[in-house]
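Participant: Handing you this structure, nothing more for now.
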Amino acid sequence: MKNGRRQVLKAGAALAASPFLSFPALAQNTPIRVGIIAPKAGIAGTIGECGLRGTQFAVEHINANGGIAGRKVELVIEEETNPKDSIERLRKLVLQDKVDCVQGIVSSGVSLAMGPAAEDMKALTIFWDGTTQDGVKETMPNKRYVFCSTDNECEAVMGSLLAIKHWKGQFKKVAGINPDYSYGRNNFAAFQALLKKYNIEHQVVADQWPKVGTTDLNSHVAALKAAQPDLVFSSLLFADLPIFMRTAHGAGLMDGKTKFVFPAAGFQHTALKKSFTPPGMIFGHNTLYFDYAKGTDLQKQFVKWYHEKTNDYPNWEADRAFFAMAVYKAGVEAAQKAKGAWPGKEDVINAMEGIKVQSLGGPGQMRKDHIAEQTFYQGITTHDNKYDFPTLGTVDVMYSDQLQKGTGQDFWKWIETANIKL
Amino acid sequence: MTAFLDVLIGGVFHAAVLFLVAAGLQLVFGVQKIVNLACGSFYALGAYFGISAVKWAIAAGMPPGLFIFVLIVAGLALAVIGPVIEALLRTVYRRDEAFQLLLTFALVLMFQDILRFFWGANPQELGDLVMSYGKLSAGGVQVPTYNVLVIVASIAIAVGIGAFLQRTRFGRILRATAENREMSQALGVNVTWINAAVFTLGTVLGTVGGALVVPTAAASLDMPVELVVEAFAVVVIGGLGSMRGALTGALIVGIMRALAIRYYAELEMLAIYIVVIAILIARPAGLHGKPIE
């Protein structure tokens, strides 16, 4: 009897070890579960919704074409709020919903806190936006499970470079109106550092720091007007940007020869109506310019799909979300191909390092240090279009290896030493 | 000089906005002795409802230039919520002030979800409608005509409330009730009705204010809290319960803010609250610290 029981146990162990009953094989029959954490409310609500559309489009596209390595994708969506609650939702997604990958996050405040939590939980996490940087200093230099977006300062670097390229010699007195947190502060500092790098003689005559959510910018505009700047640099990007534009137009700040650089205008592009947004400004559309004539068929297909669903035109968060899903898909499929079987999480992570993908806005890749590289679009605005808001008359395209520091580099030293082609 | 006028106009416009919020707060405290934190929520409700009303009216064929009248009507129509909320507050009139503060704070949070439920999480705005009124120019100074209308509306409301309180029979009854509720009741004043009327008037000041200001800004879920923080500086400076104090306090806060932003933007709040602290130390009742004039 004792012998018989041992035989049964041995047989059971052999069966469990058999490739015919292995868990990966079982897993291939079920959908891949991807958890999404994105803001649905507050100042970033619109942006989160646009990102969710990007994910939705990606999943429809993937599932219609056979899924990821043959498995359909299923989404579990949670809301991004404050860091503490968002981390709780990450735990829920990983422990309760048992998702294979987590994507999302717009706020740097949340990603800063969530990065270490995701590493602790060994949760494969791809951030849409925000970075794991405290200001411009990387707080997680040796990430294993977390993959980050491009540096937040890329758009400011590009906007500054375009201001120098197009308007060198036409401005001396510069002013800034930027959001009062690390993003706005770093962007304006980066602008000044680049002016210094390219020996542009300049004088900062005003710097305004409205708090996020400020809805009365009359006094800020009056202060800017009083300083009589030749150029205003502003990385306002939420609902305060259309308010600023209306207020500045109403106060006559835009009547003279003052030039304007808005590196993050693409977040609000459809709200910046022609009636109060003159042409000839530098606008940044980050990694997705919806009206790019040379855009890929994929981009055009998405813009049409988005417009049919929302009667609006997408901003770059849709591209960030699509990029995250594309990187994950490419990683899983590359790992599966290399292994010849369904890959584990570590295999997927290894495959994602250095992988190249085609996103909505153009080519991109995930660097080996888990920082994304993507294609950026900015240019000078025009009213010569079919819309009630300005679009880009001339489009400048740059890849982010020209716009962000390399692995382990200090941002400010990188600005000083980088070999950037203007 | 042009620069100074630009800064001054910016400050006066902000003061006009603050006055509309603080006036309701003052009126309600003056008569009912309740610090109504929800005054900012009424302002936000007016802003959201105003946007919907204007969009609806324009879709129905109204000429866009008439939007200001729609905003006023929308703000006035929200008077219906005044008696309902006053009926709820009636249960805590005789309780400790902490209860009243907690209840009105609960209203702030509830209103935030109500706004989210009806209008969603994203900020709402009226686009370029405000441009249809053009600009006023003098020398180098330019002001959107609509901003001037908001300032004029605030002044008109301040004068109107002053005249109402000082020169009408009902105003005198209100002031008498504010001075001595029991005596007024003994003389036959229906204090329950007075409370409902005052609270509704306070509500309407907020809703009309929010509706009037929104074309120059945007309606967002964060606006109630943002405004209440500054409105409290206004009432501390002006004197809790004083309408004249609301006007003086709003002007001081608006202009101090504009000057701070002009000369040292980082000190915007510090500049305002230095005045608040100075008033609290030197004149705790505020500049016009009577219950109500």
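The values are calculated or read from the model by the stated rules, or taken from the named source; none is laboratory data. All of these numbers come straight from a predicted model, not from anything done at the bench. Cβ placement follows ideal geometry from the backbone for every residue including glycine, while neighbour counts extend to all protein chains displayed.
Participant: Looking for something small (Gly, Ala, Ser) and either within 30 Å of B:Ser220 (Cα to Cα) or within 14 Å of chain A (Cβ to nearest Cβ) (or both) - is there at least one such residue anywhere in the stretch B:187-200?
Facilitator: yes
Participant: For the subset of the stretch A:32-65 comprising residues that are among the β-branched types (Val, Ile, Thr) and part of a helix (DSSP H, G or I), which member is nearest to the other protein chains (Cβ to nearest Cβ)?
Facilitator: A:Thr46
Participant: Give the residue, chosen from A:Glu88, A:Glu78, that is charged (D, E, K, R), surrounded by fewer than 18 Cβ atoms within 10 Å (Cβ to Cβ) and modelled with pLDDT of 95 or more.
Facilitator: Testing whether each residue is charged (D, E, K, R), surrounded by fewer than 18 Cβ atoms within 10 Å (Cβ to Cβ) and modelled with pLDDT of 95 or more leaves just A:Glu88.
Participant: Can you tell which of B:Leu103, B:Leu89 is farther than 20 Å from A:Asp255 by Cα, away from chain A (no Cβ under 14 Å) and free of Cβ contacts under 8 Å to residues at least 60 places away in the same chain?
Facilitator: B:Leu103
Participant: Run A:Thr407 past the list (1) out of contact with any Phe, Trp or Tyr (no Cβ under 6 Å at 6 or more places or on another chain); (2) among the β-branched types (Val, Ile, Thr); (3) at pLDDT 95 or above and report the number of the one that doesn't hold.
Facilitator: Failing condition for A:Thr407: (3).
Participant: Here's a follow-up. For the stretch A:96-103, check the following and say yes or no: at least one residue is assigned to a loop (DSSP other than H, G, I, E, B), more than 18 Å from A:His370 (Cβ to Cβ) and in contact with a Ser or Thr (Cβ under 9 Å, 6 or more places away or on another chain).
Facilitator: no
Participant: While we're on this one: Of all residues in the stretch A:53-69, how many are closer than 27 Å to A:Ala239 by Cα and out of contact with any helix residue (DSSP H, G or I) (no Cβ under 7 Å at 6 or more places or on another chain)?
Facilitator: 1
Participant: Could you run through the stretch A:197-228 and say how many residues are of a type in the set (D, E, K, R), in a loop (DSSP other than H, G, I, E, B) and over 21 Å from A:Leu162 (Cβ atoms)?
Facilitator: 2
Participant: If you don't mind, another one. Restricting the first residue to the stretch A:106-132 and requiring it to be in a loop (DSSP other than H, G, I, E, B), which pairs with a second residue that is aromatic (Phe, Trp, Tyr) and modelled with pLDDT of 95 or more meet a Cβ separation below 7 Å and a spacing of at least six or different chains?
Facilitator: A:Val106/A:Trp128; A:Lys122/A:Tyr145; A:Ala123/A:Tyr145; A:Leu124/A:Tyr145
Participant: If you don't mind, there's one more thing I want to ask. Taking the stretch B:217-256 as the search range and keeping residues that are of a type outside the set (A, V, I, L, M, F, W, C), in a helix (DSSP H, G or I) and surrounded by fewer than 24 Cβ atoms within 10 Å (Cβ to Cβ), which one is nearest to the other protein chains (Cβ to nearest Cβ)?
Facilitator: Going through the qualifying residues, I end up with B:Glu226.
Participant: Could you list, in sequence order, the residues of the stretch A:221-244 that are over 24 Å from the mean Cα position of the chain (by Cα) and either under 21 Å from A:Leu392 (Cα atoms) or facing chain B (nearest Cβ under 10 Å) (or both)? Spell out the reasoning first.
Facilitator: First, pick out the residues of the stretch A:221-244 that are over 24 Å from the mean Cα position of the chain (by Cα): A:221-232.
Correct list: A:Val221, A:Ala222, A:Ala223, A:Leu224, A:Lys225, A:Ala226, A:Ala227, A:Gln228, A:Leu231, A:Val232.
Participant: Take the conditions among the hydrophobic types (A, V, I, L, M, F, W, C) and assigned to a loop (DSSP other than H, G, I, E, B) and apply them to B:Leu37. Does it pass?
Facilitator: Judged against the criteria, B:Leu37 is a match.
Participant: Further question on the same structure: Every residue in the stretch A:180-207 that is of a type in the set (Lys, Arg) and within 14 Å of chain B (Cβ to nearest Cβ), please. Write out each step before concluding.
Facilitator: Narrowing the stretch A:180-207 to residues of a type in the set (Lys, Arg): A:185, A:196-197.
Of everything in the stretch A:180-207, just one residue is of a type in the set (Lys, Arg) and within 14 Å of chain B (Cβ to nearest Cβ), namely A:Arg185.
Participant: Also, quick follow-up: Going by the structure shown, is B:Gly139 surrounded by fewer than 19 Cβ atoms within 10 Å (Cβ to Cβ) and at the interface with chain A (Cβ under 10 Å from one of its Cβ atoms)? Show your work before the answer.
Facilitator: Numbers: surrounded by fewer than 19 Cβ atoms within 10 Å (Cβ to Cβ): yes; at the interface with chain A (Cβ under 10 Å from one of its Cβ atoms): no.
Criteria not met by B:Gly139.
Participant: What's the number of the only condition in (1) more than 15 Å from the chain's Cα centre (by Cα); (2) among the hydrophobic types (A, V, I, L, M, F, W, C); (3) in the same structural domain as A:Leu75 (by TED's automatic domain parsing) that A:Leu422 fails to meet?
Facilitator: Failed condition: (3).
Participant: Check A:Val94, A:Val146 and return the single one that is touching a His at 6+ places or on another chain (Cβ under 7 Å), assigned by TED's automatic domain parsing to the domain that holds A:Gly361 and over 30 Å from A:Phe262 (Cβ atoms).
Facilitator: A:Val146
Participant: Since B:Arg116 meets every condition but one in (1) more than 27 Å from B:Leu25 (Cβ to Cβ); (2) assigned to a helix (DSSP H, G or I); (3) facing chain A (nearest Cβ under 7 Å), which condition does it not meet?
Facilitator: Unmet for B:Arg116, out of (1) more than 27 Å from B:Leu25 (Cβ to Cβ); (2) assigned to a helix (DSSP H, G or I); (3) facing chain A (nearest Cβ under 7 Å): (1).
Participant: Among residues belonging to the stretch B:171-202 that are within 14 Å of the chain's Cα centre (by Cα) and more than 20 Å from B:Val159 (Cβ to Cβ), point out the one that is surrounded by the most Cβ atoms within 10 Å (Cβ to Cβ).
Facilitator: B:Phe199
Participant: OK, next. Looking at the stretch B:146-164, is at least one residue within 9 Å of chain A (Cβ to nearest Cβ) and either in a helix (DSSP H, G or I) or at negative phi (or both)?
Facilitator: Filtering the stretch B:146-164 down to residues within 9 Å of chain A (Cβ to nearest Cβ) leaves B:146-147.
Filter once more, so that each one left must be either in a helix (DSSP H, G or I) or at negative phi (or both): B:146-147.
Yes: one or more hits.
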